[in-house]
1. Return the pairs, sorted by first residue and then second, in which the second residue is part of a loop (DSSP other than H, G, I, E, B), the first residue lies in region 102-129 and is closer than 28 Å to residue 153 by Cα, the beta carbons are less than 6 Å apart, and the residues are 6+ apart or on different chains.
2. Of the residues 83, 137, only one is in contact with a helix residue (DSSP H, G or I) (Cβ under 9 Å, 6 or more places away or on another chain) and within 30 Å of residue 171 (Cβ to Cβ); which?
3. Confirm whether residue 36 is surrounded by 14 or more Cβ atoms within 10 Å (Cβ to Cβ) and at pLDDT below 90.
4. Can you confirm whether residue 93 is under 18 Å from residue 20 (Cβ atoms), in contact (Cβ under 8 Å) with a residue 40 or more places away in the chain and of a type in the set (Phe, Trp, Tyr)?
5. Please name all residue pairs, on different chains or six or more residues apart, with Cβ atoms under 7 Å, provided the first residue is in region 164-177 and is in a loop (DSSP other than H, G, I, E, B) and the second residue is among the polar types (S, T, N, Q).
6. Can you tell me how many residues within region 1-18 are surrounded by 12 or more Cβ atoms within 10 Å (Cβ to Cβ) and outside any loop (DSSP other than H, G, I, E, B)?
7. Considering only region 39-65, state which residues are within 15 Å of residue 7 (Cα to Cα) and part of a loop (DSSP other than H, G, I, E, B).
8. Can you find even one residue in region 144-159 that is farther than 30 Å from residue 5 by Cα and outside any helix (DSSP H, G or I)?
Amino acid sequence: MPRMEVEKTFSYPLELTLKNYNDQIVVGFGQRDGIKVGHAVLGINGIAAQGRSLEDGRDVLEVIANEENYPLAIKFGRNKLSTNERLVLTGMFHSLFAIGSQLSPETRSSGIELIETDVFKLHCMQTLTGIKFIVVTDIRQVGVESLLKKLYEVYADYALKNPFYSIDMPIRCDLFDINLQSAIEQSERTGISNV
């Protein structure tokens with residue numbers, strides 16, 4: 001998911017209510033200027049936050065509670081998903097994809113190809129062998145189909161042609177990783193439609 005970050009300078013007292021959630025300091029109540037409930041504190045005055053603490057060892061909530069520290073430039077954003085959360089979301093998407101394919105009035109429906117939200121777009125391409133490629137982009141991004149096709153080419157060249165790879169198993173191949181990263185970096189540099 002695109003990393004949405006907002007940095008604002010605040011005076012005392014902070015009008016947002018912060019709370020500890022999953023060892024992260026997040027906004028519990030109050031929204032303004034792109035900062036929303038659930039966004040985590042990513043840093044204060046240029047010092048990155050790691051969970052409840054800043055990199056210099058100070059507690060995030062103590063720094064925010066101390067009036068002498070103001071004005072404070074606080075960076076907020078979405079938390080990175082944990083591996084377990086990614087697996088849950090993948091399983092949920094797979095189920096929705098299957099339901100969408102079965103409920104579609106079209107015979108041989110391709111299932112869900114695009115989910116649009118107010119924050120991101122989720123693009124999906126299912127290959128003839130049933131492998132799904134999913135890309136999450138900014139809502140303004142266009143031409144994602146070419147990136148999905150490029151990802152499939154990388155998968156076909158460096159995973160499927162690898163004699164040590166078994167389908168439905170994690171891909172453990174340095175050449176695959178290098179070429180996948182290269183395709184993603186190229187799409188970021190030149191725009192997705194030029195991949």
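1. Partner pairs satisfying both residue conditions: 120/1; 120/2; 121/139; 124/112; 124/113.
2. On the way: 83 fails: in contact with a helix residue (DSSP H, G or I) (Cβ under 9 Å, 6 or more places away or on another chain).
After ruling out the rest, the residue left standing is 137.
3. Here the answer is yes, as residue 36 does meet what is asked.
4. no
5. Sorted first by the residue in region 164-177, then by its partner, the pairs are 173/162.
6. Our first condition is that a residue be surrounded by 12 or more Cβ atoms within 10 Å (Cβ to Cβ); within region 1-18, this holds for 1-2, 4-8, 10, 12, 14, 16, 18.
Adding the requirement that they be outside any loop (DSSP other than H, G, I, E, B) leaves 5-8, 10, 18.
Looking only at that region, the number is 6.
7. So the first thing to find is which residues in region 39-65 are within 15 Å of residue 7 (Cα to Cα), and the list is 39-49, 64.
Across region 39-65, the qualifying residues are 39, 45, 46.
8. Among the residues of region 144-159, not one is farther than 30 Å from residue 5 by Cα and outside any helix (DSSP H, G or I), which makes the answer no.
The values are calculated or read from the model by the stated rules, or taken from the named source; none is laboratory data. These numbers come from a predicted model, not from an experiment. As a convention, Cβ positions derive from the backbone with ideal geometry for all residues, glycine included, and neighbour counts pool all protein chains shown.
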